[in-house]
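Below is one structure. I have some questions about it.
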């Protein structure tokens, strides 16, 4: 690791962004490429550019994800006059980048800013298609080649902008107008941390082909490479062509970049991360701000979070200077090395051949895998010929990628039969492909420069007769050359392999350095956190609440779950597609229906608009579905815009352990997570009062953090039910669409063969009666006859339309936080002389009394209290999406009654039913 710069504190804890969407001019007619913009920071940046009428190319590997991102962005800015286009880009395969550039230049003649945003922070050992270390290959080489191939378009745009501005304003100094044309290189604070003193990029082994480095080392070096390229591009190209080249540190962001991280590094990273939009503001500043000029960038200065210009580490200026200028020429050397790696003749090869010795006679089979040639389709070749000696040789194909390493390989085995065959087996055999000759030998690892694409010409050997080739549409091409050889012990050769004992000491040294590097990073973070403790104290971060004296540390359930089981539950909750644990299946979300619940523009307001609350005990099996759906909704709405509060009642089944373990995962989203464990047991003593206390505990964070929550916050309170993401979003949607104070689902159970409405003890209609009649003997035989005495409610229920009610809960409810944060309403038990009903009904009663009487039931949302029951209910009553948002269907409205029913049926017990004034004890 390099030198620690004194500016790191201000980069870790920067001030608020000043250059935001409000600073963006009209971008109509401007063209931008944002790599890696189907998610995270890149997606936020693309949205900002599009919102101001820019034409933005979403450059990404996955077309499906890119199109989904485009749909999201378009909905966020419906009035934009800009355009969003998908541009296929795979930085891990250099051979494909030329086709990407050709596709772009076939559509556009100008490019105003290239945002080199894409990057990986990868913990694995895979290599790119050309065999380069993954961080270097994607973050550095792929980005460099893309920029190089787009430079003619950037230069032409700079000249055109210069000419247009000179025509309008007269002669100006060259480069002023060209400052509108830029290349933005997204580096990282790691560029300063890992850069070698006065050199920048260490050149002993940048591709990690002969040494082993930790993932953090490899990532850090790739960011050094980004800065070096930005500085050298400015020196070699920028000043000549009028293109501003600027590197930046986007900041510590809670982005997809951390998806491969594990352990302590991931935990520490989460402590100092910010929303992705802040990183987008940094890139926006680098790409559009008038403060960023050719004179203030070029490597000497770079952009730091969240939109400030600052000098790079002082000693790195030597890397920018040539040796004649008293510098080290470090950047120039790395640039030249990079140019060598992206030579056209090297883009379509790189094979790894393990060294093997064959002790017994075997048949030698050399499988040569050939990567994509330009933008041509892969093909399969199979040909047969006879050599002049009469031995049969076969060339065939079954192209494959090594699953273990992710690189193309040559697989070899040997079996020998005749002593004289070796002379015939080691000729300079060559094949002819589209005019290019290719030698096929056991040690072949390179493809000649002329080999670019497969043409219609036949495959040829030097020997006669010439075989023919048949083509099929496959994704790869393999040559298999078989021949016979004597019982010898050949040593097959290859590039970039283990070089034996001579490197053992060096490898061990590298491992020690890597370990020391990680320790130094951890020490740096620890020191940073210590010296910035006052700043940290002011940051709104997830917290664990300390409750009353009855509470004990969360998750103290004596280890009910093994570590493997605990990890399985956490994984099932955090990954919707996980199949290891059973859960009720849910349909895919209708993004278009619920997209309005997300902000149309970035919101930096500290207030959190969605607060999810749950009281849970002994419900381990339902957690993957229940909490998994909540997490999926949080991701959809925006993690930084949500808070999750869970109160757990010391569950012996391990529920508390799972909920406690979730904190580490939820922080990375990042969402605010409050978790408490309590000894309060509602099964003993005053049940209603204790249940009310538990519900208030779940709402407690809103009162403890008044700056984070307001009257505009919506609370989603959910019981231990099997609920789908669309169920939660429908309650939120209907609350907003109906302008309701509260919306409730419809919960069901099975008393007999058919589904039975469950929450009959709490729910009351606008006629004051229960949803179905329960006689004094407690029989539920009339449960099928819902709303028997309320025709309006019965009609709307039968057609799955929302209807008004006096009180409801029904497994899940979404309600305004206004009376909570204003301390007008809280959950409570019955007062003396008041009907002994459940705390949700009393809560609704208090809502009415304080002017929040727009309470609606949403019958399209049907819930059950286990995965199995939930599945039965969904099959019988239908999933939410079956009843809402259909083509041509218009969401219903409610003509609200502003006065509650005069009297409400009181049922403290089935045998004790009577009518009572609705506002008893409140008058």
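The values are calculated or read from the model by the stated rules, or taken from the named source; none is laboratory data. Since this is a predicted model, take the numbers as computed values, not measurements. Glycine gets a Cβ as well: all are built from the backbone with ideal geometry, and neighbour counts include every protein chain shown.
Would you say residue 107 is touching a helix residue (DSSP H, G or I) at 6+ places or on another chain (Cβ under 7 Å), surrounded by fewer than 20 Cβ atoms within 10 Å (Cβ to Cβ) and more than 24 Å from residue 227 (Cβ to Cβ)?
So residue 107 fails the test.
Table: residues versus (1) touching a strand residue (DSSP E or B) at 6+ places or on another chain (Cβ under 9 Å); (2) more than 17 Å from residue 42 (Cβ to Cβ); (3) modelled with pLDDT of 90 or more; (4) part of a loop (DSSP other than H, G, I, E, B).
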{"site": "257", "(1), (2), (3), (4)": "no, no, no, no"}
{"site": "265", "(1), (2), (3), (4)": "no, yes, no, no"}
{"site": "268", "(1), (2), (3), (4)": "no, yes, no, no"}
{"site": "278", "(1), (2), (3), (4)": "yes, no, yes, no"}
{"site": "292", "(1), (2), (3), (4)": "yes, yes, yes, yes"}
{"site": "296", "(1), (2), (3), (4)": "yes, yes, no, yes"}
{"site": "302", "(1), (2), (3), (4)": "yes, yes, yes, no"}
{"site": "306", "(1), (2), (3), (4)": "yes, no, yes, yes"}
{"site": "309", "(1), (2), (3), (4)": "yes, yes, yes, no"}
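Something else now. For residue 672, only one of the following conditions fails: (1) buried (at least 21 other Cβ atoms within 10 Å of the Cβ); (2) closer than 24 Å to residue 575 by Cα; (3) in contact with a helix residue (DSSP H, G or I) (Cβ under 6 Å, 6 or more places away or on another chain). What is its number?
(3)
If residue 168 meets every condition in (1) part of a helix (DSSP H, G or I); (2) modelled with pLDDT under 85; (3) within 33 Å of the chain's Cα centre (by Cα) apart from one, which number is that one?
(3)
Scan region 679-689 and give yes if some residue there is over 19 Å from residue 838 (Cα atoms) and modelled with pLDDT under 95, otherwise no.
For region 679-689, residues over 19 Å from residue 838 (Cα atoms) and modelled with pLDDT under 95: present.
Taking residue 628 as meeting all but one of (1) within 21 Å of the chain's Cα centre (by Cα); (2) closer than 12 Å to residue 729 by Cβ, write down the number of the exception.
Here residue 628 meets the rest and fails (2).
For region 782-804, what are the residues that are in contact with a helix residue (DSSP H, G or I) (Cβ under 7 Å, 6 or more places away or on another chain), in a loop (DSSP other than H, G, I, E, B) and in contact (Cβ under 8 Å) with a residue 60 or more places away in the chain?
The answer is 800, 802.
Please determine whether any residue of region 132-144 is at pLDDT 90 or above, assigned to a loop (DSSP other than H, G, I, E, B) and either assigned by TED's automatic domain parsing to the domain that holds residue 32 or surrounded by fewer than 19 Cβ atoms within 10 Å (Cβ to Cβ) (or both).
yes
Can you name the number of the only condition in (1) crowded, with 24+ Cβ neighbours inside 10 Å; (2) part of a helix (DSSP H, G or I) that residue 34 fails?
The one condition residue 34 does not meet is (2).
Let's see how each residue does on (1) surrounded by fewer than 20 Cβ atoms within 10 Å (Cβ to Cβ); (2) in contact with a strand residue (DSSP E or B) (Cβ under 8 Å, 6 or more places away or on another chain); (3) in the same structural domain as residue 720 (by TED's automatic domain parsing):
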residue	(1), (2), (3)
761	yes, yes, yes
775	yes, no, yes
780	yes, yes, yes
788	yes, no, yes
815	no, yes, yes
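Could you identify the single residue in 869, 880, 893, 921 that is touching a residue at least 12 places away in the same chain (Cβ under 8 Å) and not assigned by TED's automatic domain parsing to the domain that holds residue 707?
The match here is 921.
Let me ask something else about it. What residue, of 861, 890, is within 42 Å of the chain's Cα centre (by Cα) and at pLDDT 95 or above?
861
Residues 779, 708: which one is within 28 Å of the chain's Cα centre (by Cα), farther than 16 Å from residue 810 by Cα and not in a strand (DSSP E or B)?
Going through 779, 708 in turn, the sole match is 708.
Right, another one. When you go through 826, 817 one by one, which is the residue that is within 36 Å of the chain's Cα centre (by Cα), within 21 Å of residue 712 (Cβ to Cβ) and touching a residue at least 40 places away in the same chain (Cβ under 8 Å)? Outline the logic, then answer.
Working: 826 fails: within 36 Å of the chain's Cα centre (by Cα).
When all the criteria are applied, what remains is 817.
Have a look at 69, 95 and point out the one that is touching a helix residue (DSSP H, G or I) at 6+ places or on another chain (Cβ under 8 Å) and either part of a helix (DSSP H, G or I) or closer than 21 Å to residue 591 by Cβ (or both). Show your work before the answer.
Values: 95 fails: touching a helix residue (DSSP H, G or I) at 6+ places or on another chain (Cβ under 8 Å).
Selected residue: 69, the only one of 69, 95 that is touching a helix residue (DSSP H, G or I) at 6+ places or on another chain (Cβ under 8 Å) and either part of a helix (DSSP H, G or I) or closer than 21 Å to residue 591 by Cβ (or both).
Going by what's in this entry, would residue 124 be described as in a loop (DSSP other than H, G, I, E, B) and in the same structural domain as residue 216 (by TED's automatic domain parsing)?
Criteria met by residue 124.
Suppose we filter 702, 697 for residues that are crowded, with 22+ Cβ neighbours inside 10 Å, outside any strand (DSSP E or B), in contact with a helix residue (DSSP H, G or I) (Cβ under 9 Å, 6 or more places away or on another chain) and at pLDDT 95 or above; which single one remains?
Result: 702 is the single residue among 702, 697 that is crowded, with 22+ Cβ neighbours inside 10 Å, outside any strand (DSSP E or B), in contact with a helix residue (DSSP H, G or I) (Cβ under 9 Å, 6 or more places away or on another chain) and at pLDDT 95 or above.
Moving on. If we only count helices (runs of 4 or more DSSP H) wholly inside region 831-918, which ones have 2 or more residues that are out of contact with any strand residue (DSSP E or B) (no Cβ under 7 Å at 6 or more places or on another chain) and more than 18 Å from residue 808 (Cα to Cα)? It would help to see each step written out before you state the result.
Numbers: elements: 839-849, 867-877, 880-883.
The helices (runs of 4 or more DSSP H) meeting that bar are 867-877, 880-883.
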